[in-house]
Amino acid sequence: MASMGRFTVGSHVWVEDADVAWIDGLVEEVHGDELIINCTSGKKVTANVSSVYPKDVEVKRCGVEDMTRLAYLHEPGVLRNLKSRYGMNEIYTYTGNILIAVNPFQRLPHLYNDHMMEMYKGAEFGELSPHPFAMADRAYRLMMNYGTSQAILVSGESGAGKTESTKMLMQYLAFMGGKVESDGRSVQQQVLESNPVLEAFGNAKTVRNNNSSRFGKFVELQFDQNGKISGAAIRTYLLERSRVCQISDPERNYHCFYMLCAAPPEDRERYKLGDASLFHYLNQSNCIKLDGMDDSSEYIATRRAMDIVGISSDEQDAIFRVVAAILHLGNVEFSEGSEADSSVPKDDKSQFHLRTAAELFMCDEKSLEESLCKRVMVTRGESIVRNLDSRAAALSRDALARMVYSRLFDWLVNKINTTIGQDPTSKLLIGVLDIYGFESFKTNSMFSRWSKKNIQKKRLIGVTSSLWTTKRFLISLRRNQGG
Ligand SMILES: Nc1ncnc2c1ncn2[C@@H]1O[C@H](COP(=O)(O)OP(=O)(O)OP(=O)(O)O)[C@@H](O)[C@H]1O
């Protein structure tokens, strides 16, 4: 694959470089499969033809908007093109009908305003600069013209900009299909307003992204025959449960835990909370506070967002009681009990946290303790109760915390969906799949499962935010389409 064609003395080539990935140069000598290359950096390197690619010398310095126009669509050619465009603040590039987004790491509001949406409305695909609005417009028009549902796939590595791209796609679809509601807020507004709630409970700081989504999201917008949004559903999948109990430096747990520890004093008192650094599930990492994020104002903002998506104040109280109970649960430590291989809460401090967790969960303290320190095995109608040693009790404590948190998250998503409301009569929909974690799976099992179940009958349009996954994405896309 690497050596497309034969290289001769004087050929312009790209060669792999340990420091800058790819470096260009001229072939000076050819010895069978070995080439001696004089690089533009001044370096002279010997390389095997398998790690050398031909260079297109005719490509413009400013690059091309659609990379299918490149003479060679190989890794160095693609990277060079994206780099040239990025240098001119052009963060979007097409490869056929796939949009590649490069994270600008700065706000570019002029790219996403109403004027831009008006410009892309109905414009021929490829007529204007590459943009997520063009992708959304294409999906919308294909749906309206052919009467077929559409799916837009957003893939890329963590921090590449998938969530931002998804928001822009939703913004444009809401602009095209938005309805003015006489009573209350419209469906599109509710979908957009559900983001802060989902982010508070499903996002966390990771090494690569301070606001990383730790779950996959498929937003389905349903349209009526006139192309107006008539309903919506948000489906989430694969929430990273392990994070609830285990985090490594310098990452954080889910935002909601820190928000609640920074809540107004009366709320903290109600949930018997103190500083975030006092809780085992949070203090395994030294990162408690985030630059540019004020947890106490985020708490207020999340409460407000919950009001907007129709979560009552009693329900909000129940949600935060569960969040606080999980923190208390994490502080329960165990020591060996009087019986062999048994365990009990280690000391008064652990007993206090166990009692508080039980109060907040509204369950019996003794039952909670037994559920952690004992295991019940059911065999042919007979139940056998077995003691757990302190290590096993700590593991069941963590398993309970993970399970409760993921149920809480599912409950939130269901609640949001109930409030937004679906249109059972709708035959047209556009789905936007934010395919988190694509790169971290050895096989594309998640993609396959999802594509089979949810996307096969819809047409696929891709937006990808990372070059490295583009190749894999294309292969999956081809497989999925039976190509
Ligand atoms: N188009 C953009 N304009 C401005 N900033 C952007 C854009 N895309 C990404 N960013 C910046 O990069 C950060 C990370 O982007 P985003 O959260 O969308 O990544 P992601 O691919 O969804 O990551 P993860 O998989 O970890 O959730 C954003 O918080 C934002 O600061």
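The values are calculated or read from the model by the stated rules, or taken from the named source; none is laboratory data. Quick caveat: nothing in here was measured; it's all calculated off a predicted structure. All Cβ positions, even for glycine, are placed from backbone atoms using ideal geometry, and neighbour counts span all protein chains on display. These accessible areas exclude ligands, DNA and RNA; they are computed on the full protein's heavy atoms, side chains included. Shrake-Rupley method; radii C 1.70, N 1.55, O 1.52, S 1.80 Å.
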Distance in nm between R391 and N97 label points, each 7 Å along Cα→Cβ, equals 5.6
R208 and T46 label points (each 7 Å along its Cα→Cβ direction) are spaced in nm at 3.7
Protection proxy (average C-beta count within 10 Å per residue), highest first, orders 186-194, 387-395 as 186-194, 387-395
Rounded to the angstrom and largest first, Cα extents along the principal axes for the stretch 328-418 equal 50, 40, 21
Against the 2.2 N^0.38 Å rule of thumb, the C-alpha Rg of the stretch 223-272 sits at a ratio of 1.93
Mean projected area (nm²) from the convex hull of Cα positions in the stretch 243-306 is 4.4
If R0 = 60 Å, then D314 and E29, at their Cβ-Cβ distance, give a FRET efficiency to the nearest 0.05 of 0.15
A chain fully extended from A21 to L192 at 0.36 nm per residue, minus the present Cα-Cα distance, gains in nm 57.7 nm
With label points set 7 Å from each Cα along the Cα-to-Cβ direction at D341 and M144, the distance between them in nm comes to 6.8
In Å, the Kirkwood hydrodynamic radius from C-alpha pairs for the stretch 18-133 sits at 16.5
Note: the stretch 105-259, point scatterers on Cα, Debye, no solvent; log10 I/I(0) at q = 0.13 Å⁻¹ equals -0.69
The FRET efficiency for A71 and R407, from their Cβ-Cβ distance with R0 = 45 Å and rounded to 0.05, is 0.25
Computed over the stretch 243-306, the relative contact order (Cα-Cα under 8 Å, seq sep at least six) in percent reads 41
Expected sort for 19-25, 426-432, 236-242, 110-116 on mean C-beta neighbours within 10 Å, highest first, is 426-432, 236-242, 19-25, 110-116
Note: T8 to S371 extended length (0.36 nm per residue) minus current alpha-carbon separation gives 123.3 nm
Computed over the stretch 269-392, the relative contact order (Cα-Cα under 8 Å, seq sep at least six) in percent reads 21
The equivalent-ellipsoid semi-axes of the stretch 12-54, taken as the square roots of five times the Cα gyration tensor eigenvalues and listed largest first in whole Å, are 15, 11, 8
In Å², rounded to a whole number, the accessible area per residue of the chain with probe 1.4 Å is 48
For the chain the mean separation of alpha carbon contacts under 8 Å (6+ apart) over residue count, i.e. relative contact order in percent, is 19
Heavy-atom accessible area of the chain with neighbours in place, 1.4 angstrom probe: carbon+sulfur share in percent works out to 50
Over all viewing directions the Cα convex hull of the stretch 265-388 casts an average projected area in nm² of 10.9
In nanometres, the difference between 0.36 nm per residue of separation and the alpha-carbon distance of I300 and E269 is 9.5 nm
Residue ranges of DSSP H helices in the chain that stretch 30 Å or more (Cα, own long axis) and have mean Kyte-Doolittle hydropathy of at least 0.0 are 390-420
Taking max minus min of the Cα coordinates of the chain on each principal axis, largest first, gives extents in Å of 82, 62, 50
Distance in Å, no decimals, from the C-alpha centre of the stretch 42-112 to the one of the stretch 301-319 is 45
P(r) of the stretch 66-154 over all Cα-Cα pairs, 5 Å bins starting at 0, rounded to whole percent, reads 3, 12, 22, 22, 20, 12, 7, 2, 0
Taking 100-109, 354-363, 259-268 and ranking on average Cβ neighbours within 10 Å, highest first, one gets 354-363, 259-268, 100-109
